[in-house]
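Everything on this sheet refers to the single structure shown next.
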Amino acid sequence: MARIETGVGPIAYDDSGGDGVPLVLLHGPAQDGSVWRHVVDELGAEFRCLVPTLPYGSHRVPLRPGAELTPRTMALLIGEFADALKLGDDAVFVENDAGRLQQLAAERPDRVGRLVIAGCEAFDNYPPRAGGKMMAAAAKVPGGIAALMHSLAIRPLRRVPGTGYAVMAHQPVADDLIDRWIEPLRKNPVAREVLVRYLKAVHPSEMMEAAEGLRAYDRPALVVWGRQDRMMPPEHGRRLAELLPQGRLVELDDCRTLIPLDRPDGLAGAIRAFVRDSS
């Protein structure tokens, strides 16, 4: 992986290379860029896929001591990452699970040339229902995140319906991915503290404020949602597509929140068509 310096420290990222349109692929908390591996397999030869591992707890590159990590600073970090790589207006930002891209587009619309919101936090679903609220509650209890991550190390517990990663995907998330995501959070107290600080900084009004900002985002925008999503309400995808001035909507079957894992083919196809039609 390559690294690039930012205000909070180095950010590691994968780069598929090539001269195609840049796609910045963004993941959610307690995950890393590997959630996009199947989508990169589909699009990596055609586009320049840039996949940062953001400091949501599953990162392995230490941050600078005392780095401020809140949802807003994480949103601005995405913009800083794109600035450092000198990405132009042709770049397409794609986010799954989290809502930081919406905040960035609302605050720095000039930085986000085109955006794709794929099954994300939105409106009043923040922290998101089920797994998101469980993680937020664990962050308020001393040792709560450590206990949650150690429980996820027990593979049968990963399949308990309505909990953890199980509620986020239509098909079970591969064990090698979960092992990878939880390892830093199990073994590194500094990584756990990064996630705890981030979760404690969540303000429920933030996503409603971002939604208001998106009304003025008059640039190409695509919303992709899973019809079976139990964590991010499908009606929120429809609302986002309606409020974005140039919004369009794609809904996918056999799909929940982790669209890059459940339907990488459908998401890759939607991104490909979106880039073609908005160029």
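Considering the stretch 102-137 alone, what residues qualify as being aliphatic (A, V, I, L, M), crowded, with 19+ Cβ neighbours inside 10 Å and either in contact with a Ser or Thr (Cβ under 7 Å, 6 or more places away or on another chain) or in a helix (DSSP H, G or I) (or both)?
LEU104, ALA105, ALA106, MET135
In the stretch 48-64, which residues are of a type in the set (D, E, K, R) and outside any loop (DSSP other than H, G, I, E, B)?
The one that is of a type in the set (D, E, K, R) and outside any loop (DSSP other than H, G, I, E, B): ARG48.
Which of the residues spanning the stretch 16-34 are within 23 Å of VAL202 (Cα to Cα) and outside any loop (DSSP other than H, G, I, E, B)?
Scanning the stretch 16-34 gives LEU25, LEU26, GLY33.
If you scan the stretch 1-15, which residues turn out to be among the aliphatic types (A, V, I, L, M) and assigned to a strand (DSSP E or B)?
Listed by number, the residues that qualify are ALA2, ILE4, ILE11, ALA12.
Scan GLU242, GLU206 and give me the residue that is closer than 30 Å to LEU63 by Cα and not aliphatic (A, V, I, L, M).
GLU206
Run GLY247 past the list (1) at pLDDT 95 or above; (2) farther than 15 Å from VAL116 by Cβ and report the number of the one that doesn't hold.
(2)
How many residues are of a type in the set (Asp, Glu) and outside any loop (DSSP other than H, G, I, E, B) when one looks only at the stretch 232-262?
The number of residues fulfilling the criteria is 4.
Quick check, is HIS38 surrounded by fewer than 21 Cβ atoms within 10 Å (Cβ to Cβ), modelled with pLDDT of 95 or more, touching an Asp or Glu at 6+ places or on another chain (Cβ under 9 Å) and under 21 Å from LEU258 (Cα atoms)?
For HIS38, the condition - surrounded by fewer than 21 Cβ atoms within 10 Å (Cβ to Cβ), modelled with pLDDT of 95 or more, touching an Asp or Glu at 6+ places or on another chain (Cβ under 9 Å) and under 21 Å from LEU258 (Cα atoms) - is met.
Go through the stretch 45-71 and give me each residue that's in contact with a Leu (Cβ under 9 Å, 6 or more places away or on another chain) and either surrounded by fewer than 17 Cβ atoms within 10 Å (Cβ to Cβ) or not aromatic (Phe, Trp, Tyr) (or both).
ARG48, CYS49, LEU50, VAL51, PRO52, LEU54, PRO55, GLY57, SER58, LEU63, LEU69
Name the residues in the stretch 65-85 that are closer than 21 Å to MET135 by Cβ, in a loop (DSSP other than H, G, I, E, B) and either modelled with pLDDT of 95 or more or among the charged types (D, E, K, R) (or both), would you?
GLU68, THR70
What is the number of the single condition among (1) part of a loop (DSSP other than H, G, I, E, B); (2) surrounded by fewer than 17 Cβ atoms within 10 Å (Cβ to Cβ); (3) without any contact (Cβ under 8 Å) to a residue 40 or more places away in the chain that LEU157 does not meet?
Of the numbered conditions (1) part of a loop (DSSP other than H, G, I, E, B); (2) surrounded by fewer than 17 Cβ atoms within 10 Å (Cβ to Cβ); (3) without any contact (Cβ under 8 Å) to a residue 40 or more places away in the chain, the odd one out for LEU157 is (1).
For the stretch 89-99, name all the residues that are touching a residue at least 60 places away in the same chain (Cβ under 8 Å) and outside any strand (DSSP E or B).
Across the stretch 89-99, the qualifying residues are ASP90, ALA91, ALA98, GLY99.
The values are calculated or read from the model by the stated rules, or taken from the named source; none is laboratory data. All values derive from a computational prediction rather than experimental measurement. Neighbour counts run over all protein chains shown; Cβ positions are idealised from the backbone, glycine included.
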